[in-house]
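Working notes, structure below.
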Amino acid sequence: MSDLLERLRGRGWRLTSQRRVVAEVLDGDHVHLTADEVHARAAERLPEISRATVYNTLGEMVLLGEVMEVATDGRAKRYDPNAHRPHQHLVCSRCGTIRDVHPTGDPLADLPAQERFGFTVAAAEVTYRGLCPSCS
Ligand SMILES: [Zn+2]
Ligand SMILES: [Zn+2]
């Protein structure tokens, strides 16, 4: 069983065949799919699965905290199953490939107190942009 499925099952999430297919499609390393991509891949395995079901299922996984939404500049929102290990993203400006990366410093700690404007800061997202090996 995949890691994401195992986590969802551990939370008592009822695994219908539709939910299972969405979780299987989304599982793995460096996975950052748009909802439409998830739907296309899920439909290869379960042709009757509707786009609405995929969208709802993704939304529930996000609410459970087992999948993260990743916004990359104007492109469609992407879904990332790597929700428990804090990481940042490396994005290819040409083809849109995304890799999970783990900077050696803590981006949250890197923001000095005088730059926080009294905010209680809980999280930081850093996007590193450039060209992937196939595009450069
Ligand atoms: Zn590229
Ligand atoms: Zn990621």
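Residues of the range 58-102 that are more than 24 Å from Arg7 (Cβ to Cβ), away from ligand 2 (no atom under 13 Å from the Cβ) and not acidic (Asp, Glu): Gly74, Arg75, Ala76, Cys92, Ser93, Arg94, Cys95, Gly96. For the residues Val91, Val62, Val101, the requirement of being under 23 Å from Gly28 (Cβ atoms), away from ligand 1 (no atom under 16 Å from the Cβ) and of a type in the set (Val, Ile, Thr) singles out Val62.
Identification of helices (runs of 4 or more DSSP H) wholly contained in the range 17-133 with 1 or more residues that are crowded, with 16+ Cβ neighbours inside 10 Å, of a type in the set (Ser, Thr, Tyr) and touching a residue at least 24 places away in the same chain (Cβ under 8 Å) yields 51-63.
Per-residue answers, yes or no, for (1) of a type in the set (Gly, Ala, Ser); (2) modelled with pLDDT under 90:
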{"residue": "Ser2", "(1), (2)": "yes, yes"}
{"residue": "Arg20", "(1), (2)": "no, no"}
{"residue": "Gly28", "(1), (2)": "yes, yes"}
{"residue": "His32", "(1), (2)": "no, no"}
{"residue": "Ile49", "(1), (2)": "no, no"}
{"residue": "Asn56", "(1), (2)": "no, no"}
{"residue": "Thr72", "(1), (2)": "no, yes"}
{"residue": "Pro107", "(1), (2)": "no, yes"}
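Of all residues in the range 39-92, those satisfying the criterion of being in contact with a Lys or Arg (Cβ under 6 Å, 6 or more places away or on another chain) and of a type outside the set (A, V, I, L, M) are His39, Thr57, Glu66, Glu69.
The values are calculated or read from the model by the stated rules, or taken from the named source; none is laboratory data. As the structure is a prediction and not an experimental result, all values here were calculated from the model. Note that each Cβ is placed from the backbone with ideal geometry, even for glycine, and that neighbours are counted across all protein chains shown.
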